[in-house]
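Participant: Next up is a structure, given as structure tokens.
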Amino acid sequence: MISVRSVAEKCLRDEAQAVLGVIDQLDEQFDRAIELIYQCTGKVVVTGVGKSGHIANKIAATLSSTGTPAFFMNPLDAFHGDLGMVADGDVVILISYSGQTDELLRLLPYFQHRGLPVISISGNRESLLAKNSTAHILVSVEREACPLNLAPTSSTTATLALGDAMACALIELRTFKANDFAQFHPGGSLGRRLLTTAGDVMRKDSLPVISPTMHLGDAILHVSDGKLGLCVIMEGREIKGIITDGDIRRAMQRIRERFFDTEVQEVMTKNPKCILPTMKIAEVQKMMHSHKIHAVLVVDEQQQLLGIVDSFSCEV
């Protein structure tokens, strides 16, 4: 009886080895390809047929999301009007493991006539595609992971990994940062943390505010009702400090019988951490982690209380 797990394990090992094998194939042609893309003043056009087309689509998406504008062009549609998307200043990436794919070879004269740099990715250095490209990146595998050595498996996985390697190289060249990544991913959790401000998520209604002279016995109720685990101590419009449920527990252990008659100002934390409403949530999280606190006060330029941001608010 066939062990499907052993077949799966062999497939994964074969594909992993294929990816590692690409490392030794990297040469000055890879460097040249990256330089062409880095110097590109237009967009990167990525194309391929069949399985290579799916890989090309993913590579284009990865480049676009990491600072290199790119798009996938279906080579079949290219012959029926989509070549109009290609503009001067663009760089073209053609992907074909054999390097002999007819649809791509038919496109080459057009790109050459336009004077566009062509980067080809194939497993055949002697192919027509390789010989007629500005730069050719070799991605050759010993065999496909497919038991029949027919279905594109190891070759497509290796090409996909190469596309990621190209994107990573360009990220470093462009000094692409997390903030830049967030600009292209505003719907993701990273984007929300990097673009959302304290003012966007702060609680500003029914803030738990008490006076410095309130007794701790009463403060317990206000902390509980506020549902933030703290109260802001204010005198008029001036922030005097904060008291947290942790402060109250520690005070109860320390002063015991005097607890209910002790004023909040005797145990409050003075000079609480305050931030402006424009601070990004990612920075707020760093501050909370650094100071081991679960909430900060949001104030304006005149240090007037605007709201409170706690750790739960940051989980946008």
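The values are calculated or read from the model by the stated rules, or taken from the named source; none is laboratory data. Please read these numbers as outputs of a predicted model, since none were measured by experiment. Note: ideal-geometry Cβ built from the backbone for every residue, glycine included; neighbour counts use all protein chains shown. The protein model used for the area step is the full one, side chains on, heavy atoms only, and it has no ligands, DNA or RNA in it. Shrake-Rupley method; radii C 1.70, N 1.55, O 1.52, S 1.80 Å.
Participant: Suppose we filter Val44, Val19 for residues that are at pLDDT 95 or above, within 13 Å of Ile93 (Cα to Cα) and either hydrophobic (A, V, I, L, M, F, W, C) or touching a Cys at 6+ places or on another chain (Cβ under 9 Å) (or both); which single one remains?
Facilitator: Exactly one of Val44, Val19 is at pLDDT 95 or above, within 13 Å of Ile93 (Cα to Cα) and either hydrophobic (A, V, I, L, M, F, W, C) or touching a Cys at 6+ places or on another chain (Cβ under 9 Å) (or both), namely Val44.
Yes/no per residue for (1) open to solvent by less than 70 Å² (accessible area, probe 1.4 Å); (2) acidic (Asp, Glu):
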site	(1), (2)
Ser96	yes, no
Glu126	no, yes
Ala161	yes, no
Asp164	yes, yes
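Participant: Something else now. Look at region 234-252 and say how many of its residues are surrounded by 19 or more Cβ atoms within 10 Å (Cβ to Cβ), in contact with a Gly (Cβ under 7 Å, 6 or more places away or on another chain) and of a type in the set (D, E, K, R).
Facilitator: 0
Participant: For region 1-22, give me each residue that is open to solvent by less than 90 Å² (accessible area, probe 1.4 Å) and part of a helix (DSSP H, G or I).
Facilitator: Of everything in region 1-22, those that are open to solvent by less than 90 Å² (accessible area, probe 1.4 Å) and part of a helix (DSSP H, G or I) turn out to be Ser6, Val7, Ala8, Glu9, Cys11, Asp14, Glu15, Ala16, Ala18, Val19, Gly21, Val22.
Participant: Could you list, in sequence order, all residues of region 260-284 that are open to solvent by 50 Å² or more (accessible area, probe 1.4 Å) and either under 23 Å from the mean Cα position of the chain (by Cα) or of a type outside the set (D, E, K, R) (or both)?
Facilitator: Residues satisfying the conditions are Phe260, Gln265, Thr269, Asn271, Leu276, Thr278, Met279, Lys280, Glu283.
Participant: Looking at the structure I just gave you, is Asp77 without any contact (Cβ under 8 Å) to a residue 24 or more places away in the chain and either out of contact with any Lys or Arg (no Cβ under 6 Å at 6 or more places or on another chain) or buried (at least 16 other Cβ atoms within 10 Å of the Cβ) (or both)?
Facilitator: Spelling it out, Asp77 is indeed without any contact (Cβ under 8 Å) to a residue 24 or more places away in the chain and either out of contact with any Lys or Arg (no Cβ under 6 Å at 6 or more places or on another chain) or buried (at least 16 other Cβ atoms within 10 Å of the Cβ) (or both).
Participant: If Thr156 meets every condition in (1) more than 34 Å from the chain's Cα centre (by Cα); (2) buried (at least 22 other Cβ atoms within 10 Å of the Cβ) apart from one, which number is that one?
Facilitator: (1)
Participant: Taking Ser122, is it open to solvent by less than 60 Å² (accessible area, probe 1.4 Å) and under 22 Å from Ala18 (Cβ atoms)?
Facilitator: Judged against the criteria, Ser122 is a match.
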